[in-house]
Amino acid sequence: MQHKHQKRRRKVNTVAVGPNQEFQVEGLTHDARGVARLSGKVTFIEGALPDEKVIAQVIKPGKSFDIASLNQIIEVSPYRLTPLCPHYDLCGGCSFQHLAMEQQLAAKQTWLQGQLRKVIGELPIERLSAEDYGYRRRARVAFIYSEGKTIMGFRGKASNRIIDIDNCIVLTPALQQIFAKLKQRLLSDSLAANLGHIELLEDSRGVSVLFRLTAMISPELKAQWMQWADTFSFVIYWQDPAEKRVQVEEGDLRFYDVDDLRLRYHPQDFIQVNEQMNSKMVALAMKWLAPSQDDVILDLFCGVGNFSLPLAKRAKQVVGVEVQASMVAAGRRNASENKLENLQFVAADLSQAVTNELTAMSVTKVLLDPPRAGAKAFLDTLIGIKPQQILYVSCDAATLARDTEYLVSKGFKVLRVTMMNMFPQTSHVETMMLLERLSQ
């Protein structure tokens, strides 16, 4: 569910193939491109906003639409803002900083309504949002050291170029501080020559930094860095060149708190990067699914138990299903440490046939939070389970629409939908949908 930092300038096809032309911008795509029409043909203009009159040049003509480059704004939208980030025009991780938040949300909501129109009709889409900046508690920072020069930042759009940045204002304040300190030290430290990338993380335990090494370094250099980290109260994890995953002792695992529960996890396990939104999302999921002591609930694609543990506080029985063995182990440990004896975790690949054990449990409700590819392979099994309700959490509206259309054709009805602004200032859209099985 994480967005990539991207650069806004296009690497290819940026040479104008048409003259400067005047466009009246009518709409906005969910990824922040203005929509205009010229002689009946749709033109997408990156950086242009609705109700603006602009001068632009077509840089990529197409059969059904053109892509144009914005050159001048003649009439400015009242909702246009000056981006807060000095790197905004180069680092494309954020695509919406030039637009007021209410209009950002409206653009995403309109797009989502269109994506889901076949399954929700006129059902209103609700909203869930939190802070606009300083929300991201995890980031993978690209790093290049070449000929004595250090570049630290995020990858550019449609290219492998690294955009060198001084700070990232969507990171939590603590991570912004660590980013700046790391960059300053790495400019003159021998570690830079042996570093691939950096992973920044903040959770309920504090701040950590993971260094992905491209070559082994001396114990003395590691010790110097560990001592330096201690002075700023953060932890360092070292991932050696031959390791696919850093080795972490149980006592050094990370943890975060949600719903008055503590979840431990490996620093490279997936967790939601927006802590405030994650807490709101879990609370809303509990409200919508309304687990009770009569419910047996399946939590599919459960990770380390982000939903499983809160569900188990309220339900009769919960089974979390996850393909990654390390996360299953983490889930079991979390259930034990939080004294939830009605919660078990099962390792299963939900893209394959599922054992009868899951289908014979008298499941009443299901929560699923699949990756971008959705849950298509599991849908027939899910329908066979015959749950009363399904809560679908999605990071990809297209696969959500596809899967929901199939569920609706098999006797389910959409009750509620909310758009979750998990990544403000970006084009990313997350959705939560509640479905109910019609009586048969």
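The values are calculated or read from the model by the stated rules, or taken from the named source; none is laboratory data. This structure is a prediction, so every number in the text was calculated from the model and none was measured. All Cβ positions, even for glycine, are placed from backbone atoms using ideal geometry, and neighbour counts span all protein chains on display. For accessibility, only protein heavy atoms count, side chains too; no ligands or nucleic acids. Shrake-Rupley method; radii C 1.70, N 1.55, O 1.52, S 1.80 Å.
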Of residues in segment 230-252 being outside any loop (DSSP other than H, G, I, E, B) and either open to solvent by less than 70 Å² (accessible area, probe 1.4 Å) or aliphatic (A, V, I, L, M) (or both), the one nearest to Asn334 (Cα to Cα):
Gly251
What number of residues within segment 282-305 are within 21 Å of Ala373 (Cα to Cα) and either hydrophobic (A, V, I, L, M, F, W, C) or under 18 Å from the mean Cα position of the chain (by Cα) (or both)?
7
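For segment 182-202, which positions are out of contact with any helix residue (DSSP H, G or I) (no Cβ under 9 Å at 6 or more places or on another chain) and either of a type outside the set (A, V, I, L, M, F, W, C) or assigned to a loop (DSSP other than H, G, I, E, B) (or both)?
Lys183, Gln184, Leu187, Ser188, Gly196, His197, Glu199 - these are the residues of segment 182-202 that are out of contact with any helix residue (DSSP H, G or I) (no Cβ under 9 Å at 6 or more places or on another chain) and either of a type outside the set (A, V, I, L, M, F, W, C) or assigned to a loop (DSSP other than H, G, I, E, B) (or both).
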Which of the residues that make up segment 349-385 are in a loop (DSSP other than H, G, I, E, B), more than 23 Å from the chain's Cα centre (by Cα) and crowded, with 19+ Cβ neighbours inside 10 Å?
Val354, Val363, Thr364
Filtered residue count, segment 253-283, keeping only those that are part of a helix (DSSP H, G or I) and either open to solvent by 40 Å² or more (accessible area, probe 1.4 Å) or in contact with a helix residue (DSSP H, G or I) (Cβ under 9 Å, 6 or more places away or on another chain) (or both):
6
Of all the strands (runs of 3 or more DSSP E) wholly in segment 11-92, which have at least 3 residues that are open to solvent by 20 Å² or more (accessible area, probe 1.4 Å) and within 30 Å of Asp164 (Cβ to Cβ)?
65-75
Being charged (D, E, K, R), at pLDDT below 95, open to solvent by 10 Å² or more (accessible area, probe 1.4 Å) and under 22 Å from Glu275 (Cα atoms) is the requirement here; does Arg333 meet it?
no
Need the failing condition index for Val258 against (1) out of contact with any Ser or Thr (no Cβ under 6 Å at 6 or more places or on another chain); (2) at pLDDT 95 or above, just the number.
(1)
